[in-house]
Each structure stands twice: as C-alpha cells, then as structure tokens.
1. Using helices alone, I'd like the mean residue ellipticity at 222 nm for the chain: each DSSP H run of four-plus residues gives -39500 (n - 2.57), total over residue count, nearest 500.
2. Please figure out what share of the DSSP beta bridges in region 2-187 is antiparallel and state it in percent, rounded to the nearest 5.
3. Using DSSP, restrict attention to beta bridges with both residues in region 1-100 and report what percent are antiparallel, rounded to the nearest 5.
4. Compute the convex hull volume of the Cα atoms of region 138-188, divide it by the residue count, and report the result per residue in Å³ as a whole number.
5. Eigenvalues of the Cα gyration tensor times 5, then square-rooted: what semi-axes does that give for region 2-187, in whole angstrom, largest first?
Amino acid sequence: MRVGVLAVQGAFIEHIRVLKRLGVDVFEIRQLKDLDQGIDGLVLPGGESTTQSRLLLDLGLFLPLKKRIQDGLPVLATCAGTILLSEKIDDDPTRHFQTLPVTVKRNYYGRQTGSFKKKISFENQTLDLIFIRAPLITATHPEVKVLIRLNEGVVAVEYHHQIALNFHPELSHQTYFHERFLKLIQAR
C-alpha cells in the first residue's frame with residue numbers, strides 16, 4: 001500500500017509521521033512526476049486551501065489529482081483539505097476539486113488564536129479533536145455520512161472513498177482516522 005501526501009504547503013510532515021508509525025509506505029507529492037510512483041491513497045493536509053489550490057494548478061497536479069479522486073482514489077482530507085474537496089464554500093465563489101458534496105464555511109471558529117481542543121466520545125473511544133482556523137461543514141448531500149457533529153454543525157464526514165475532517169488528527173497521539181482511511185484503501 002502506497003500513500004501520497006500532498007506536500008506543497010501545510011501540515012504534511014505530521015501526516016507522514018503518523019502513516020509511517022502505522023507501517024505505511026508513504027511519499028510526498030510535490031510535483032507531477034511524483035504521481036508516477038503509483039498511489040493507493042491520498043492525504044490532503046491542513047494549511048491554506050487557496051495557496052494549496054494555486055500551487056496544485058501551477059505544478060500541473062490539480063487536474064490529475066481531481067481525476068484520480070473522481071475515479072475512486074481514497075482520500076483523507078483535514079481542515080484545508082476538506083475545503084479543497086468541498087463542492088461549495090459559503091460566501092465564496094472559489095471552487096476547487098468539488099468531489100465532496102458538502103458546503104463549508106472557512107475559518108468558522110475564528111483566527112489562529114481561536115484554536116481549541118475538544119475531547120469527544122466516538123465509536124466507543126475518546127478522541128481529542130484539535131481545531132486550528134477550522135472550517136465548518138454547513139450542509140451535506142443526503143449520501144454523505146456524517147461522522148461527527150459538534151454543537152453548531154458537522155466536523156467529520158465520509159462520502160464513498162473520501163474522509164473529510166475539519167480538525168487535525170495528525171496533531172494528536174491518536175491514529176483512529178488514519179486507520180479508518182487505510183481501511184478504505186484496503187476495501188478498494
């Protein structure tokens with residue numbers, strides 16, 4: 001199993017560390033030729049979605065990655081990655097991959113100083129959710145499986161082969177969502 005982590009901007013190193021700890025063959029995607037290595041899954045990390053999208057276009061990665069996602073490549077997206085996948089962004093005409101039928105609101109929880117950690121119970125375990133300039137999923141298509149709701153809205157979803165999280169599991173000591181992602185790859 002080979003997992004590529006988008007490594008043009010954002011918190012990609014942390015995802016690589018978690019995946020390596022889980023014994024995954026992981027590599028950085030920085031340029032188009034990196035996709036020639038073969039890829040069974042893709043991680044879209046947190047960071048700045050507009051910058052990531054612009055770099056994906058400049059590097060010629062945008063259309064090849066979008067096609068692979070549309071064709072069923074399993075994806076784990078966190079924070080900015082969720083914005084990249086989303087079909088629509090509230091109060092913003094910008095569109096990116098549009099492979100996930102959800103609407104998101106950027107920076108819902110405020111600026112960097114509004115970052116926080118929330119402990120929740122999920123599927124018989126306790127998880128630490130770390131939010132940093134996090135978006136909120138404000139609407140979902142009926143086929144989208146809502147995994148976690150937090151007070152005012154949705155913060156984790158799964159849609160076919162895509163898992164989108166508004167928080168940063170790579171910054172906690174837990175591997176639940178990375179393991180869930182690996183199961184999607186194995187099921188493919």
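1. -7000 deg cm²/dmol
2. Details: 22 of 40 bridges.
Bridges in region 2-187 that DSSP calls antiparallel: roughly 55 percent.
3. 10 percent
4. With only Cα atoms used, region 138-188 gives 76 Å³ per residue.
5. 22, 19, 16
Here, each number is a calculation from the coordinates, and none is a lab measurement. Computed from a prediction, not measured in an experiment: that's the story for all the values here.
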